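The values are calculated or read from the model by the stated rules, or taken from the named source; none is laboratory data. Small disclaimer: the values here were computed from a predicted structure and weren't measured. Cβ coordinates were reconstructed from backbone atoms using ideal geometry, including for glycine residues, and neighbour counts include every protein chain displayed.
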Amino acid sequence: MPLPEKPIPDLERDAGGGLMHRRTFLAGGALAVGASAVAGLPSQASAQGAIGPDQPLWMKTPGAPFRGYGLPSRFEEGVARHILQPYGELSPGAGVSMTPLQAMHGTITPNGLHFNRSHNGVPDIDPDGHKLLIHGLVDRPLMFTMDQLMRYPTVTRTLFIECSGNSFFNSNLFPEAMQVPVGMIHGLVSAAEWTGIPLAILLDEAGIKGEAKWILAEGADAAGMSRSVPIAKCLDDAMIAIYQNGERVRPEQGYPMRLLLPGYEGNMSVKWLRRIKLTDAPTHTKDETSKYTELQPDGKSRQFTYAMDVKSTITRPATGLAMQGPGLYEVTGLAWSGNGSISKVEVSADGGQSWAEAALEGPVLPHALVRFRLPWQWDGGPVVLQSRAHDTAGNIQPNRSDWSRQYAAGQLYHCNAIQSWSIAADGEIKNVYS
Ligand SMILES: Nc1nc2c(c(=O)[nH]1)N[C@H]1C(S)=C(S)[C@@H](COP(=O)(O)O)O[C@H]1N2
Ligand SMILES: [Mo]
């Protein structure tokens, strides 16, 4: 165990509401969390009765045989995406399924729990019948089969994708705070290790004409979703992703290939990518005019808002979970920024009056999810927990009223407002506005 730089006395308080210094756990000492003490345990036996007739069943019979593709334990069946279909049976493939953040740890989203935002369902694409076309303002239009594409060099990067509609339950669309699990509020963000071909390599082969300033990227789904992307991003870190956490991209994420634009609003990372057209100006598709713009109080809309702003949320304790009585807890959550890396996360247990700096679990990667942690001694009284993220570009996550003030009523995109959880004396955790 690494030693702290300087000894920290047990239970050193760092801010109000029982928040302790971020290295308190590392400093050791008599920190009792919540395990039940076992009295009079014989030194040779385990608490589960390793010796004797009350051995559990799974120690008495052989385990299950091998299987080709592994699945989680059947006892984890309840861990599933939250599905919202705003148009019901009329259009069951239009809507979202959200990552259950309250049930997860670490910073990588398992592929089966990656959020899915689709405008008209998940197409069932046979990779042998799918091609990628690059045309428009290029010297040589190119058409790639999947097999041809697989011969190009790849890069692998851990990246988040966040829908710009994420956190709409915390936006000014809802005047009253909804009581739903944290995954239903903030679960339109997920992260994976993505492997793909740098888009710059393919554009270079096609030969970019001088007038080309934008691309149009189009999907092969029934929504024909398409977006304009500035050429600078395409030549910087854009990739055509083919692998997700080591296996082929899941159908929900764009099988057999998707555009992936690190840090940019999820909508621009066009799934089921079939066509890239180089253009001298943005195309102004339906997906960047009627939608994915932000109405401001003066009646003007912001268009082409690319990077997702600095943001964080506590995922434990959070709605969808229950407290187990007063005592020592670890407050933990996720932070991310489309404008670089997370530089700091602060936590408040008194509704924002005082803040303590959380520990960040490294490596802190740009455009990836970062896990933060802070020990907290809950005295059993009512508290309001919040987290506030900072990024390397100097941005600080705003509180909800400052965020709301930038937009017209009902504007829900790009909500990066601070999330507040109230914890009552009886342990109930609620979503609150403060
Ligand atoms: N072709 C196509 N691409 C698409 C979409 C779509 O409906 N069709 N949805 C977009 C939106 S709004 C988001 S937030 C991301 C979501 O990616 P995910 O479903 O892999 O999480 O994909 C984007 N790419
Ligand atoms: Mo989205």
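Residues that are closer than 21 Å to residue 409 by Cβ, at least 1 per element: which helices (runs of 4 or more DSSP H) completely within the stretch 163-241 meet that?
Result: 182-186.
Within the stretch 238-277, the residues that satisfy the criterion of being farther than 25 Å from residue 129 by Cβ and either touching a residue at least 60 places away in the same chain (Cβ under 8 Å) or among the polar types (S, T, N, Q) (or both) are 245, 262, 263, 264, 265, 266, 267.
Residue pairs whose Cβ atoms lie under 8 Å apart, sitting 6 or more positions apart in sequence or on different chains, and linking a residue in the stretch 12-23 that is in a loop (DSSP other than H, G, I, E, B) to a partner that is at pLDDT below 90 and of a type in the set (Val, Ile, Thr), are 12/24; 21/8; 23/8. Mind listing whichever residues of the stretch 159-176 are crowded, with 24+ Cβ neighbours inside 10 Å, within 10 Å of ligand 1 (Cβ to nearest atom) and small (Gly, Ala, Ser)? Hit for the stretch 159-176 is 164, nothing else. Tell me which residues, restricted to the stretch 129-163, are of a type in the set (Asp, Glu) and more than 20 Å from residue 231 (Cβ to Cβ). 147, 162 - these are the residues of the stretch 129-163 that are of a type in the set (Asp, Glu) and more than 20 Å from residue 231 (Cβ to Cβ).
Residue selection: residue 153 fails the criterion of being in a loop (DSSP other than H, G, I, E, B), away from ligand 1 (no atom under 13 Å from the Cβ), out of contact with any Asp or Glu (no Cβ under 9 Å at 6 or more places or on another chain) and free of Cβ contacts under 8 Å to residues at least 24 places away in the same chain. Candidates are the residues of the stretch 74-127 that are of a type in the set (Ser, Thr, Tyr) and farther than 23 Å from residue 371 by Cβ; the one that is nearest to ligand 2 (Cβ to nearest atom) is 118.
Among the residues making up the stretch 171-202, those that are at pLDDT below 95 and either within 16 Å of ligand 2 (Cβ to nearest atom) or touching a helix residue (DSSP H, G or I) at 6+ places or on another chain (Cβ under 8 Å) (or both) are 171, 172, 173, 174. Of the residues that make up the stretch 203-217, is at least one within 25 Å of the chain's Cα centre (by Cα) and at pLDDT 95 or above? Looking for residues that are within 25 Å of the chain's Cα centre (by Cα) and at pLDDT 95 or above, one finds at least one in the stretch 203-217, hence yes.
Go through the stretch 223-242 and give me each residue that's hydroxyl-bearing (Ser, Thr, Tyr) and in contact with a Phe, Trp or Tyr (Cβ under 7 Å, 6 or more places away or on another chain).
Keep residues of the stretch 223-242 that are hydroxyl-bearing (Ser, Thr, Tyr), which gives 226, 228.
Scanning the stretch 223-242 gives a single hit, 228.
Output the residue which, of all residues in the stretch 242-299 that are within 13 Å of ligand 1 (Cβ to nearest atom), charged (D, E, K, R) and assigned to a loop (DSSP other than H, G, I, E, B), is modelled with the lowest pLDDT. So the residue we want is 291.
Scanning the stretch 383-427 for residues that are free of Cβ contacts under 8 Å to residues at least 24 places away in the same chain and part of a loop (DSSP other than H, G, I, E, B) yields 394, 398, 426. Taking the criterion of being at pLDDT 95 or above and either surrounded by 20 or more Cβ atoms within 10 Å (Cβ to Cβ) or of a type in the set (S, T, N, Q) (or both), the residues of the stretch 86-103 that qualify are 96, 97, 98, 99, 100, 101, 102.
Among (1) touching a helix residue (DSSP H, G or I) at 6+ places or on another chain (Cβ under 7 Å); (2) over 25 Å from residue 187 (Cβ atoms); (3) outside the structural domain of residue 230 (by TED's automatic domain parsing), which single condition is residue 256 missing? Condition (3) is where residue 256 drops out.
Sort out which residues of the stretch 120-150 are in a loop (DSSP other than H, G, I, E, B), under 26 Å from residue 214 (Cα atoms) and without any contact (Cβ under 8 Å) to a residue 24 or more places away in the chain, and write them in order of number. Across the stretch 120-150, there are no qualifying residues.
None of 164, 171 is more than 20 Å from residue 269 (Cβ to Cβ), small (Gly, Ala, Ser) and outside the structural domain of residue 335 (by TED's automatic domain parsing) except 171. Checking the stretch 321-339 against the condition returns no match, with no residue being in a loop (DSSP other than H, G, I, E, B), buried (at least 17 other Cβ atoms within 10 Å of the Cβ) and among the β-branched types (Val, Ile, Thr).
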